Structure formats: C-alpha cells, structure tokens
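For reference, the structure is listed below as structure tokens.
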Amino acid sequence: MKLIPLIFLFLFSCQNTSEPDQPISINTVNGQIPVEDLGFALPHEHVMSNFGAAIEKADSYDEAKLFAQVVPYLKEVNRLGVKSIFDCTAAYFGRNVKLLKVLSDSSGMQIITNTGIYGAANDKYIPQFAFEKSAEEIAKIWIDEFEKGIEGTGVKPGFIKLAFDDGTPSEIDLKLFEAGAITHLATGLTMAVHTGNNPEAVTRQLAILEKYQIHTSAWIWVHANKTENSAVIIETAKKGAWISLDGVKADSETLNHHLKLLKDLKAEGLLANVLISHDGNSFPRGKAIRPYDAISKVFLKALVENGFSQDEINLLTQKNPQEAFGIRIRKVKQ
C-alpha cells in the first residue's frame, strides 16, 4: 500500500467516533442480527418496485405473480452465495415491508429495508408533506420508523435511502438530505444517497455532513460508477466516504468499466471504501427480472483474472457492507 493512503487511513481512524470493538448490528425485515451475519451482501438492489407508477399506487402489487417470480429468483441468487440483499426501493415508489418479510421467509434470503424519501425522478416520489414540513419534522417520521417499526409492522429500517436529481441540487433534495443527517445522529443508520454523475451534489452533501459534524463514513455515494472521472471518486473516497459501484452487468463493456474503477481505487489503497452491486430488480412493475446475479456468475471470476486476491474479494462482498451499514453514530471528533 502506498504511503499517502496509509496516512488517510490513520486520519480516518482518528476522526471516526464509531467503536468497532463494540457489537454492531443491522436490522433485517426479520429483526436485528449481528452485522457479521450479513455474509455475502448485495448493497444496492430492488427486490421489487413500482418505479414509474403513480405515487398513490406504488406499494400495490399482484402478489401471486410477485411470489411466483421473485421467490425462485431469490433462492437462485442465494444458491450462488449471496446471503443478504439491501432493498433500495424507497417509500412512495414501491416499498412494502409486509411483502418483503414474506419473500424473505419464503426464500431464506436476508432482506434489509430502508427509511427515507427518494428525491430524484423530478420529485415524482416526494409526498406533499415533505415540501411543507421542516427537516427536523421529516427526520422525526424516519426516527419513529427506526424506533417503532414501519407502518405498524414492527419491521425496522436498516439504512436511510435518499436521492438527488441531476444538476444543481434543489431545495427539497437538500432538505431531505439534512433530515437524513438528523436521522443518522439519532439512530446510527447509514445514508445511501442516489447521486450518480453529479459532483456538485457530492460537494453539497459533504458540506451538510460537515455542518452536522457527521463523519463521511456515514454516507454512501450511490451510483458513483456513472462518474467517468475516477479522480473525483478517489478524492471523495480519501475523505472516508463509501463509493458504491452498483451497476454491474454481465456485458463486457460494463464489466471493463467497473474493473477499471476498482483497479484505480485499489492502486490508491482504497478498496476498503468500495461497495459493489447491480441495481437489479426482480419485479420491476411486474415485468421481467433485471438480474442481480452477474457478480456471482462472472464478475468475481473477472476480479481473480485481474489480480484481485480472495481477501480483497471478501473485503468487497462481505466486510465492506458490514462496515458501511453496521448501525452506529459516526461523528467527527472535535
């Protein structure tokens, strides 16, 4: 490892107030588990969603068709070695935790759901109350879901899902992120934020984290793989942030793109800041599966062929998701 990355890791360990020696847990739809029990985890998938549907209909599914399509697929992905899936379908475009629990029970796959509001898609999935309430009032709703369970089910979220549109961040996107920061300080939930190729949004998010004295390790740059400039990703990772390369597919062009980003991050000693996933969907508005098996089937082999060790693969698929999502408050020491 190069000297500079070692220095950054040292600074990171000095600033992060989380306590890795203490037992750390994660909430699945079937209750709390030790974070180590996540095993091989996919940190950004959609078990099902109704993205594109009207907000008032988004959590309604043809359940017979859903179970017939999704349960066998979850079982197959589980047979490929995946033990846990972080379901990134947010409230108001398809989150349905009752169905997620049945799917988990029927398939044996551990599923982690979320709290938060998806602010991208030109605000289509932001309920009216979010425009009217303050960041503190919105955060209270999310904190209640963490403490009491979602919609009376007792199912508690394992992370916060947020999203930014392209371009200059809007007032509502920034307010929702601020609500996420407040929620993290009350719950220890990690903020996974759809950001994509939007360096300006990255800068604004980092500024809000600094305002609340939250360490950057409490934040995931979701869809960072869409950023062509790996230098920006590297610079952000050096600040302690999580870099989510979550667009893995089986085609050679996509595989090569993700391999290049991983090689660049590895060269800087930053693999410990990286998450890999597919952004797949096993029931996208009831249509055909958008697969999330390419990592197991082809990408791990490609990593070996490109000089990645088994320890590095375990880091990417097991240890990093545990570190990224393990529930604890992460503040910067003063």
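All of the numbers you see were taken from the coordinates with simple rules; none came from a lab. Note that the structure is a prediction, hence the values are computed from the model and not measured. All Cβ positions, glycine included, derive from the backbone under ideal geometry; neighbour counts span all protein chains shown.
Quick notes
- One residue stands out among those in segment 265-284 that are polar (S, T, N, Q) and outside any loop (DSSP other than H, G, I, E, B): the one that is surrounded by the most Cβ atoms within 10 Å (Cβ to Cβ), which is 273.
- Subset of segment 53-76 that is closer than 13 Å to residue 100 by Cα and of a type in the set (Phe, Trp, Tyr) - its residue that is surrounded by the most Cβ atoms within 10 Å (Cβ to Cβ): 61
- Candidate set from segment 141-151 (those that are assigned to a loop (DSSP other than H, G, I, E, B) and under 20 Å from the mean Cα position of the chain (by Cα)); member that is nearest to residue 186 (Cα to Cα): 149
- Taking each residue of segment 200-222 that is at negative phi and surrounded by fewer than 18 Cβ atoms within 10 Å (Cβ to Cβ) and looking for partners that are in a strand (DSSP E or B) and among the β-branched types (Val, Ile, Thr) with beta-carbon atoms closer than 8 Å, six or more apart or interchain, yields 210/332.
- Residue check, residue 313 surrounded by 22 or more Cβ atoms within 10 Å (Cβ to Cβ) and either under 16 Å from the mean Cα position of the chain (by Cα) or free of Cβ contacts under 8 Å to residues at least 40 places away in the same chain (or both): no
- Here residue 132 passes the criteria (1) on the phi > 0 side of the Ramachandran plot; (2) surrounded by fewer than 13 Cβ atoms within 10 Å (Cβ to Cβ) except the one numbered (1).
- Residue list for segment 152-182, filter: touching a strand residue (DSSP E or B) at 6+ places or on another chain (Cβ under 7 Å), outside any strand (DSSP E or B) and either more than 24 Å from residue 23 (Cα to Cα) or of a type in the set (Asp, Glu) (or both): 164, 176, 177
- Hey, residue 243 of a type in the set (Val, Ile, Thr), part of a strand (DSSP E or B) and at negative phi or not: yes
- Scanning segment 32-90 for residues that are of a type in the set (A, V, I, L, M) and either part of a helix (DSSP H, G or I) or at positive phi (or both) turns up 35, 38, 55, 64, 66, 68, 70, 71, 74, 77.
- Residues that are over 24 Å from residue 60 (Cβ atoms), touching a Lys or Arg at 6+ places or on another chain (Cβ under 9 Å) and aliphatic (A, V, I, L, M) within segment 26-49 comprise 38, 41, listed in sequence order.
- Among the candidates 189, 185, residue that is in a helix (DSSP H, G or I), closer than 26 Å to residue 146 by Cβ and of a type outside the set (S, T, N, Q): 185
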